[in-house]
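Notes for the one structure printed next.
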2 protein chains.
Amino acid sequence: MDTRATAQIGRTLQRIGRSIRSLLFFTVFAVGLHAQTPQALMPLPAAMHLNAEHLAITPGFATKVEGYDEPRLHRATERFLRVLSRRTGITVWDAAHPNATLLLKISGPSAPAQTATEDESYRLEITGANITITAANPLGAMHGLQTLLQLVQLDAHGFYIPAGTIEDHPRFAWRGLMLDTSRHFMPIEVIERNLDGMEAVKLNVFHWHLSDDQGFRAESHVLPHLTEAASDGLFYTQQQMREVVEYARDRGIRVIPEFDMPGHTSAVLAAYPELGSSDGPYRIERKWGIFDPALDPTREETFRFIDKLVAEMAAIFPDAYFHIGGDECNGKEWNANPRIREFMREHHLTDDRALQGYFSSRVQTIVAAHGKTAVGWEEILQPQTASDVVIQSWHGAKSLATAAGSNHAAILSKGYYLDLNLSASSHHAIDPLAGEVKQLTPSEQAHIIGGEAAMWTEYISSETVDSRIWPRGAAVAERLWSPPALLDDDIDFYRRLASLSTLLELYGLHHRSSYNEMLARIANGQDVAPLRVLGDVEEPPKQHDRAHLGQYTSFTPLNRMVDAISPESDTGRQFTALCRRILEGKATADEIAQAEALLHLWQQNDSRLRPLLAASALSDDLAASSSALSDAASIGVEALHAVTRKLPTTNAWRAQSLQSLEADAKPHGAMLLSNVEAIRTLVLASSGSDKLLPTPAR
Amino acid sequence: MDTRATAQIGRTLQRIGRSIRSLLFFTVFAVGLHAQTPQALMPLPAAMHLNAEHLAITPGFATKVEGYDEPRLHRATERFLRVLSRRTGITVWDAAHPNATLLLKISGPSAPAQTATEDESYRLEITGANITITAANPLGAMHGLQTLLQLVQLDAHGFYIPAGTIEDHPRFAWRGLMLDTSRHFMPIEVIERNLDGMEAVKLNVFHWHLSDDQGFRAESHVLPHLTEAASDGLFYTQQQMREVVEYARDRGIRVIPEFDMPGHTSAVLAAYPELGSSDGPYRIERKWGIFDPALDPTREETFRFIDKLVAEMAAIFPDAYFHIGGDECNGKEWNANPRIREFMREHHLTDDRALQGYFSSRVQTIVAAHGKTAVGWEEILQPQTASDVVIQSWHGAKSLATAAGSNHAAILSKGYYLDLNLSASSHHAIDPLAGEVKQLTPSEQAHIIGGEAAMWTEYISSETVDSRIWPRGAAVAERLWSPPALLDDDIDFYRRLASLSTLLELYGLHHRSSYNEMLARIANGQDVAPLRVLGDVEEPPKQHDRAHLGQYTSFTPLNRMVDAISPESDTGRQFTALCRRILEGKATADEIAQAEALLHLWQQNDSRLRPLLAASALSDDLAASSSALSDAASIGVEALHAVTRKLPTTNAWRAQSLQSLEADAKPHGAMLLSNVEAIRTLVLASSGSDKLLPTPAR
């Protein structure tokens, strides 16, 4: 046989195949690429000194509680051992053992209901033989267990935990996640696994958005119409809510319910139309946006209703705080109602904003009467607002500064809206003590007690919510826990985030597995690979752009590619980094080959994907995005060739290419290509006029 | 720029890249390849007539129960809607609705505790507008719901269920899965998700192997030492066992506990050594095999102990049957004990087998006294065995024929041992009414009431058990449910099995996701792709071979590649099919290119994988298997080239290649290459003497 031909084919295959394949796996399994140290530490601890010693993990790994003890600690060590087993594949047998490997030394109990000022610190000491977690209370000890899980590593000798000392405590006391369960209902198991994720990254407030225009989700016995007529049958029973509170307490997490009012009350008014500010008719809202329905603040019946609701819910949620909403009331119903206008005149309320101030004060009084402190969105802040009310800033840091400057405790959500599909690094960069807040005195700044990631669910279902919260929520968690000096300019951030993301799947979150599952569904039994190539490089629309890219209601299935993909493309980010290194002249030959292979893969993907689209109703919106990817990649191939070979392109070619890329960069199938900007940079650099053109180290 | 060179590279890339990539995805996502109809029907129904109409699935899909009703049915429809939502990505809102899409018409209740003779039939009628399931009782209706889920399909217009009529009932009444939770403890959630899988394929008996040499897993209050000294702290509380019974009943599954005796009692005797047939000492066994410890059948204390145990457990498990084990008692302790030998003489028991007969009779009497019928492994069958005792055949079909021939109800497990890592098709081919059984009269054959898949767990942990049971357990389920005429020579079997396997992951089983998770763990942050290429084509050792390939105990972590991979390689099977088509001259050019690309991928994999192995203690046993794969593939490349180009190889080359392949076929890293036999066939065919050499349709 012709061995020369075989060898030649072999060599060609080896050269080209290697690049393509390595890139394929770069694409699919990008996470592992840069992981020299598989350390998933996030949030970074306040102080850490690791040494060269190791504690080996074996099936005999056992735990023991010393000093103060309670059943919650044993459930915590059982969870710890379960994740440890899942991380290592070593079944760890015994959760309580006389010769313990892991000793928990705890001084005393936590508060019966976790408070916002509780000591969360812990000290972690690891030697080659054992581990000690020392904490004032179970809360700190549980944080220490999570840090420990993030330290587990594998090398050629086996699984181990590096020895050393960690002294840790949070920077901010209030580190929350707000989850909207009204616009899309989230079954209890979704809530619970996200509480598991919160525990992993030391978030300590679950802000449960239970009511909005699209549904009232808390079962009420005293106001049964809420359950019957405002929920579509999708609600949490009181028993389930109590279980969530218990589940959260087990994980060091407070639960604060939110009942949004006076606006965002379409569902409430569908059940109790007599509380509305117009004649209605009211109905559960099926669309997204800001709607007119508002409670009538001029009638005592309204406040009796609120009193009943707060009384009932305050008994279910033991937290000292109670969220009364208050956002986006547009005042239209109020201003259109002569009776309400008359009330405003009588009470010297100059406009609807002042009327909302009056309403909020009344609600705050009710909340206080039931032993709770009110939290509200920034709109509730008025001169007359009681000083203990906590203000949640969502429109801008200015409101945070205003609140703290007027001696209100304040928390930041602006910059932490996970539904906007922004990058993890952008959330990570937002510091609560930045911007206007810097003008405040230190004692005023001390009113800023933390922040909350916010997960609104217009375009997010129980299937996709994990992938919207994780891993990006960890960026917010770290910003709120760790010393800022450790975070700024952290080149290691995305590597740690990727390791953490892997670990979070072992906690039971679906943020990665749902992508695979949804792709397989879209592929409908056909080859999923070209779908994955496309999906890996696409991102969903940013900010509120999706609203303009389709007709969406509560009934719209969220099972398209745009729903399956990650809010932030790892592939796109890594390709951009490759291009940057190429243009800076720092790229190795291997890196240039990777960029080339990725571009070739994209270029050829359309012809592979196109035949599959006809088979599935879920892929009928992908033709344009697939074509745009191949088009952009073709331009990228030529531009990269010109850049690396120093063969300048013509002005005409560049002009035409930039025009094409502009079209490719537009949304297609409600998705955005994450690689176009990098390709555009290559095109610009292909003029040859750039002094930084690379000299590949071939 | 040199567009000719670009074009040439592009063409080369396109040609070679396409083959490699399509094969890569063939390898990784092989499931989708042959799926023309994404229909996951398994077991096949007794009678089915589908027509061209479709029922579209929309968010308004609702269910209603008519006639007899009970809460269990609503939990069943809720589960149905949850899987339907997960299958379609369409959130289905309302489980009970006046204008229902799905109507359940049920005549009356099931038995309070599901019996072995209950009516399981159902009728399914689907029109373009609605669905009706008609059944005598909830059991049949629940089976109908599972069939319905398997009918859901997607085309270019959306998700739908094909219209038509299905009339279905099982061939055998007893369709079981035996799970050994002694050798490796399985947490409750593992039990529950496997019950979900059983429901999906209409298995109706969960045979819970709760005691063996390595641990006694049922909490006992009357015999507390069992829990304290025989369980290592790994046991099911009585509350948990009751919950499993309820969980199973909700899914139409009976639960039969097994307490294995008189052998397999090392753990029991560690707790109650005074019941042993020797002076001991006894301890919980840490190794695998057949051990000597046996209960002493000569002492009344032994039977008092058994009476207490059966009384306590009979109250927890409502099923009419109770499994008393009886397998593999080697009689050594009995024969070595003069007092026991004397007892045998006195009672005219000629040997240890006769003594076991005596023991079994006593136990059967105890079981009967507590209102239960005994089930036992085939060893318990003796002339004096009470006629109602059910015999479980595990050694061969002969014992099945013997039992049925002596008027004992009998079930088959021989041929259904999932721990032997045999192919799904091999299990599928085993019919309970074959072999010696054919000699029986029809009325004798009627004693054969079904069978059970058996999952022994020497080498299986809670992490890997799903991948050992599924999807292969479905092959047994189908054999026991469907008319045999539909099953024999079913060329569609593996396609249906693959679709079902995809569906089962949506029920929450981990049989596929655990592979990804374990590979990522082994890769330790590095590129998982070459590990996957290797793992996709490897199989674990067959039969009981693994015992000889390492030193295993209860403490050995099962986190190696051999544990991660599937018992049956889809890639290997598909490559073998490709080679068969090539050698039969039926292969298309594309199929030949696929085989070539797969061989090239394997050939080059060792050089890609080798550098990764050093980083992880979990991959230090992979060098030899990786090298064997590349070696075999290199031979395959040349042989395939010779075959397709009709360029015969030399005798010397073939002789040397066959020798190499023999070495490659041996276990490496306790794994077997699934492609070597096909490559060997190519080598043999490369002599050119075979008349069937292909003429590829180029």
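The values are calculated or read from the model by the stated rules, or taken from the named source; none is laboratory data. Not measured: the values here are computed from a predicted model. So basically every Cβ, Gly included, is an ideal-geometry build from the backbone, and we count neighbours across all protein chains shown. These area figures cover heavy atoms from the full protein model, side chains too; ligands, DNA and RNA do not enter into them. Shrake-Rupley method; radii C 1.70, N 1.55, O 1.52, S 1.80 Å.
General observations
- Long-range tail of P(r) for the range A:513-685 (Cα pairs > 22 Å, %): 44 percent
- Neighbourhood net charge (11 Å Cβ-Cβ; Lys/Arg +1, Asp/Glu -1) for B:Pro162: -2
- Tilt relative to chain A, helix A:352-369 - C-alpha long axis, 0 to 90 degrees, to 10: 70 degrees
- At R0 = 25 Å, FRET efficiency that the Cβ-Cβ distance of B:Ala446 and B:Ala320 yields, to 0.05: 0.85
- Dipole magnitude of the range B:548-647 about its Cα centre (Cβ charges: Lys, Arg +1; Asp, Glu -1), debye to nearest 20: 240 debye
- About the Cα centre, charge dipole magnitude for the protein assembly as shown (Lys/Arg +1, Asp/Glu -1 at Cβ), debye: 3880 debye
- Extension gain from B:Asn651 to B:Glu167, taking 0.36 nm per residue of separation minus the Cα-Cα distance: 168.3 nm
- Calculated [θ] (222 nm, deg cm²/dmol) that DSSP helices of n ≥ 4 give over chain A, each run adding -39,500 (n - 2.57): -13000 deg cm²/dmol
- The range A:82-157 versus the range A:534-562: alpha-carbon centroid distance in Å: 41 Å
- For the range B:455-611, the share of accessible area belonging to carbon and sulfur comes to 53 percent (1.4 Å probe, ligands and nucleic acids excluded).
- Coupling constants for the range A:200-211 follow from the phi torsions by the Karplus curve (6.51 cos²θ - 1.76 cosθ + 1.60, θ = phi - 60°), and in residue order they are 4, 10, 6, 6, 10, 10, 9, 9, 9, 7, 9, 9 Hz; glycine and proline get x.
- Only protein atoms count toward the accessible area here, which uses a 1.4 Å probe; on the range A:143-196, the carbon and sulfur part of that area reaches 52 percent.
- Rg over Rh for the range A:346-478 works out to 1.03, using Cα positions for both radii and the Kirkwood form for Rh.
- When the other protein chains are added to the chain by itself, burial of at least 10 square angstrom of heavy-atom accessible area (probe 1.4 Å, ligands and nucleic acids ignored) affects these residues of the range B:145-186: B:Leu154, B:Asp155, B:Ala156, B:Phe159.
- Debye-sum result for chain B in log10 I(q)/I(0), which assumes one identical scatterer on each alpha carbon, at q = 0.08, 0.09 Å⁻¹: -0.70, -0.87
- Averaged per residue, chain B has 36 square angstrom of accessible surface, using a 1.4 angstrom probe with ligands and nucleic acids left out.
- Calculated FRET efficiency for the pair B:Glu246/B:Arg304, C-beta based, R₀ 35 Å, to 0.05: 0.70
- Under the simplified labelling scheme, the A:Asp490-A:Ser406 pair shows an inter-label distance of 3.4 nm, with each label point 7 Å from Cα along Cα→Cβ.
- Position A:Ala111, label points 7 Å along Cα→Cβ, spacing to each other copy in nm (shortest first, one decimal): 5.8
- Across the identical copies, the 7 Å label point of B:Ala652, projected outward along Cα→Cβ, sits 6.2 nm from its counterparts, in ascending order.
- C-alpha long axis of helix A:623-645 to longest principal axis of chain A, angle in °: 50 degrees
- Accessible surface of the range A:257-403 [probe 1.4 Å, protein heavy atoms]: carbon and sulfur percent: 53 percent
- Eligible lysines near B:Lys64 by straight Cα distance, threshold 18 Å, same-chain separation 8 or greater: B:Lys105
- Amide H within-cut-off set for A:Ala62, under 5 Å, with H built and near neighbours excluded: A:Thr101, A:Leu102
- The contact residues of the range A:600-635, meaning those that lose at least 40 Å² of 1.4 Å-probe accessible area when all protein chains sit together rather than their chain alone, are A:His600, A:Gln604, A:Arg608, A:Ala617.
- Look at the dipole of chain B built from charges on Cβ: of B:Gly128, B:Ala639, B:Leu102, the Cα furthest out on the positive end belongs to B:Ala639.
- Overall size of the range A:248-374 from C-alpha positions, given as principal axis extents largest first: 51, 34, 21 Å.
- Built amide H within the under 5 Å cut-off of B:Gly158, gap 5+: A:Ala617
- Low-density loop cleavage sites - trypsin sites (Lys or Arg not before Pro) in the range B:538-605, where at most 15 other Cβ are within 10 Å (DSSP): B:Lys542, B:Lys586
- 0 to 90° range, to nearest 10: angle between helix B:493-506 axis and chain B longest Cα axis: 70 degrees
- Only protein heavy atoms count here; on that basis, with a 1.4 Å probe, A:Met48 has an accessible area of about 70 Å².
- Here the spin labels are modelled as points 7 Å beyond Cα on the Cα-Cβ line, and at A:Arg339 and A:Ser607 they lie 7.2 nm apart.
- Chains B and A, summed buried accessible surface - 1.4 Å probe, Å², nearest 100: 5800 Å²
- Per-residue average of Cβ from other chains inside 10 Å of A:512-522: 4
- Between the listed residues B:Ser569, A:Ala628, A:Pro293, the Cα displaced farthest toward the positive end of the dipole of the protein assembly as shown, a dipole computed from Cβ unit charges relative to the Cα centre, is found at A:Ala628.
- Rounded to the nearest 20 debye, the dipole size of chain B about its Cα centre is 2160 debye, using +1 on the Cβ of Lys and Arg and -1 on the Cβ of Asp and Glu.
- Per residue convex hull volume, Cα atoms of the protein assembly as shown, in Å³: 194 Å³
- Remark: label point of A:Asp490 defined 7 Å out from Cα along the Cα-Cβ vector; separations to the same position in other copies 5.4 nm, ascending.
- Set of lysines with alpha-carbon distance to A:Lys414 below 21 Å, sequence-local pairs under 8 removed: A:Lys202, A:Lys398, A:Lys438, A:Lys542
- Backbone HN-Hα couplings from phi across the range B:269-277 [Karplus 6.51/-1.76/1.60, Hz, Gly and Pro as x]: 6, 5, 8, 10, x, 5, 8, x, 8
- For the range A:185-193, 3J(HN,Hα) computed residue by residue from phi via the Karplus equation (6.51, -1.76, 1.60; θ = phi - 60°) reads 5, 10, x, 3, 5, 5, 4, 5, 5 Hz, glycine and proline entered as x.
- Toward the positive end of the charge dipole of the range B:47-168, with +1 on the Cβ of Lys and Arg and -1 on the Cβ of Asp and Glu, the farthest Cα among B:Ile161, B:Thr117, B:Asn51 is that of B:Ile161.
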